[in-house]
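What follows is one structure encoded as structure tokens, with my remarks underneath.
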Amino acid sequence: MQEVDDVFFTMVVSTIIILLMSGLFVFIIFRHLKYRANAKANLFKEIYLAQEKERSRIAMDLHDDLGSNLLCIKMKLDEIKYHKESFLDINQELDELITLTADAIVKNRATSHLLMPESLKRYGLESSFKDLLKHYERLFSVTFNCDLAKRLPFLIEINVYRIVSELLSNSAKHSKATEIRLWVFMEGDFLDLKYSDNGQGFDFESLQKTSTSLGLSNIKNRVSFLNGVLDFDKEKFVYCIKVPIS
């Protein structure tokens, strides 16, 4: 009888231990999933805030640049309409209108390009990078190498394009660089991107931990969103980004 009681007691204790361990395992899995869900939600929030900030900047550009151009055109047309007899040379006034209109068209195209590059939608990253780099050729000596055998999913293309735009903007605003180099190529199931300039350096590791300056936060969030890896070679001052495409 004692042996039966001992076996029964052992089974009860074993069952309790198994249940406790199972409960602990489920709790750990739940905490891990919750952490990942919160991290992903925070990542989406950061990207959303960055997009809203960019939209606000574009709206300000539209108001300050394109809006002022259109207002000048309207005022000039009103002058011609209501006071045309006071103009000695109407052709000169029309020439000014043409210049203002042409400038407004250029600014409208530049803003549209910021919102969604037409070349990216039609032709992919290589073509859109070439168009983007043209805007910086007056500031930098540009070296660009690209080897992409196929179009990538658009979500990857647009985020990689935004990353390079941010890097170029940083070089223009902060690094005092005169040369930039961009390499983009495929390696197996990964897109590899390397970017460097010859400007003044900064403490990349400290910025990773504490700073959101230089657009680094936006770059990190986009790389994380793509399940990619961002690294930095301090000796050569090269950003190295690897993104899975499968």
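The values are calculated or read from the model by the stated rules, or taken from the named source; none is laboratory data. Being a predicted model, the structure only gives us computed values, none of them experimental. We place every Cβ from the backbone using ideal geometry, glycine too, and count neighbours over all the protein chains shown.
Worth pointing out:
- The stretch 154-189 - residue that is assigned to a helix (DSSP H, G or I) and of a type in the set (Asp, Glu) and, of those, farthest from Val142 (Cα to Cα): Glu157
- Members of the stretch 167-179 found to be under 13 Å from Leu132 (Cα atoms) and either outside the structural domain of Leu125 (by TED's automatic domain parsing) or buried (at least 20 other Cβ atoms within 10 Å of the Cβ) (or both), listed by number: Leu167, Leu168
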